[in-house]
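Here the structure comes first, spelled out in structure tokens, and everything after it is commentary.
Read-outs: derived from the displayed coordinates by stated rules, not from any lab. Remember, it's a predicted structure, so these values are computed and weren't measured experimentally. For neighbour counting, all protein chains shown are included, and Cβ atoms are generated from backbone atoms with ideal geometry for every residue, glycine included.
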Amino acid sequence: MTDTTSMPRPVSVRPPTGGRLTRLVGRTAADREAFRRLYAGLAARTWRAAVARLGCPDAASSVTDATFVEVWYLAKSFDPTIDDGEGWIASITARRCQDWLRASNMLGSRVGDLIADYHLQLRRELGALLAADLATFCDEPLGAAAADSCGGIVQRLPA
């Protein structure tokens with residue numbers, strides 16, 4: 001089993017809140033820097049929410065990545081005059097947690113076979129969206145140990 005106590009966790013900067021967060025989400029569709037700030041400010045909070053729902057830090061890492069990939073793609077449909085940014089992201093996280101639980105239940109013991117590929121794909125896509133150095137961002141391919149602990153590691157963003 002992977003020692004999750006020593007795994008790097010998402011780094012959080014001063015998290016955006018309220019109207020500031022809603023405006024930031026609204027700008028994310030057209031502004032990659034806004035997306036980077038959103039990720040830096042909310043990845044840790046999103047990861048903690050996923051851990052609380054799933055009980056597995058590694059699964060929460062994959063859910064966090066999936067949440068922000070979905071935020072990027074759905075941001076153009078976000079309406080800051082109607083939607084609340086925090087609630088919108090929390091609902092995406094909750095949906096992704098449910099997806100993870102459903103997949104885990106359906107695949108049973110075979111879930112480990114899927115985890116490494118899924119996580120690496122998410123890391124690559126999120127790294128590209130964040131314009132991160134992919135060699136640094138995706139340098140940890142997951143193996144059998146990850147399957148034992150649900151898979152995935154959220155690494156720190158390169159400076």
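Place a label point 7 angstrom from the Cα of ALA131 along the Cα-to-Cβ direction, then list the residues of region 66-102 whose backbone nitrogen is under 14 Å away.
Taking a point 7 Å out along Cα→Cβ of ALA131, no residue of region 66-102 has its backbone N under 14 Å.
Just want to confirm a number: the relative contact order over region 23-114, from Cα pairs under 8 angstrom separated by 6+ residues, in percent. Numbers along the way, then the final one.
Details: 79 pairs, mean separation 29.7, N = 92.
Relative contact order here is 32 percent.
Note down the nm distance, to one decimal, between modelled labels 7 Å out along Cα→Cβ at ASP83 and at ALA103.
Each label point lies 7 Å from its Cα, and together they span 2.1 nm.
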